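Right, one structure below, let's go through it.
The values are calculated or read from the model by the stated rules, or taken from the named source; none is laboratory data. These figures come from a predicted structure and were not determined experimentally. Here Cβ is always computed from backbone atoms with ideal geometry, including for glycine, and neighbour counts include all displayed protein chains.
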Amino acid sequence: MRRAFLAVVLGAVCMPGCRQDMHDQPKINPQAEARFFPDKRGGRPLVEGTLARSAPVTATPALTGKDDAGFVRQSPLPATAAILARGRQRYDIYCSPCHDRAGTGQGMIVQRGYKQPPSFHIDRLRGEADGYFFNAITNGFGVMPNYAQQVPVLDRWAITQYIRALQLSQHASLDDVPEAQRATLGSDTESR
């Protein structure tokens, strides 16, 4: 008797949730007329620039870091202050934990036991093409994971340019500084 009473009470509580109008919502069926739109078409045209998920992506050097000869020698982005600033910001977020802020490979993760990456300042990496760094960021290298999902294409190129700036900062000479700006460096550089 008690079970029957509980079943009736439970049924009464649940019945209001079983309404058919949830299944009978107004919708536009494919290829059906839709009075809502001025052209009366239910099937809407694609928004400009829409790509199907299965659509092949054109493999351009700007998207892959490679051309017919191998890695792209120079970044497709112009070297501007804004791009270098963006590259530095993204580098500090994604790269400095392992590579450190100077690019020597002594980041905090390495100090806690992670495998040390090579310094960006060794001759081999200073001689690599820009596409090499872009490709390493995109696809990963060794124990470095790929960052294709986290870092957009333009930011990968900006990081690449910032790495080049780091390399130049560690291996620049006074001759690399424009004559007009040498005076602002101070007297300690005159003895070099």
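Would you mind stating whether Gln111 is closer than 25 Å to Pro76 by Cβ and exposed (fewer than 13 other Cβ atoms within 10 Å of the Cβ)? When the stated conditions are applied, Gln111 does not pass them. Number of residues in segment 139-152 that are at pLDDT below 95 and of a type in the set (Val, Ile, Thr): the value is 1.
When residues in segment 85-142 are screened for being free of Cβ contacts under 8 Å to residues at least 24 places away in the same chain and of a type in the set (D, E, K, R), 6 of them pass. Within segment 123-166, if we keep just the residues that are in contact with a Ser or Thr (Cβ under 7 Å, 6 or more places away or on another chain) and of a type in the set (A, V, I, L, M, F, W, C), the residue that is surrounded by the most Cβ atoms within 10 Å (Cβ to Cβ) turns out to be Phe134. For beta carbons closer than 9 Å, sequence separation of 6+ or different chains, a first residue in segment 166-181 that is at negative phi and a second that is assigned to a helix (DSSP H, G or I) and hydrophobic (A, V, I, L, M, F, W, C), the qualifying pairs are Gln167/Leu125; Leu174/Leu185; Asp176/Leu168; Val177/Leu185.
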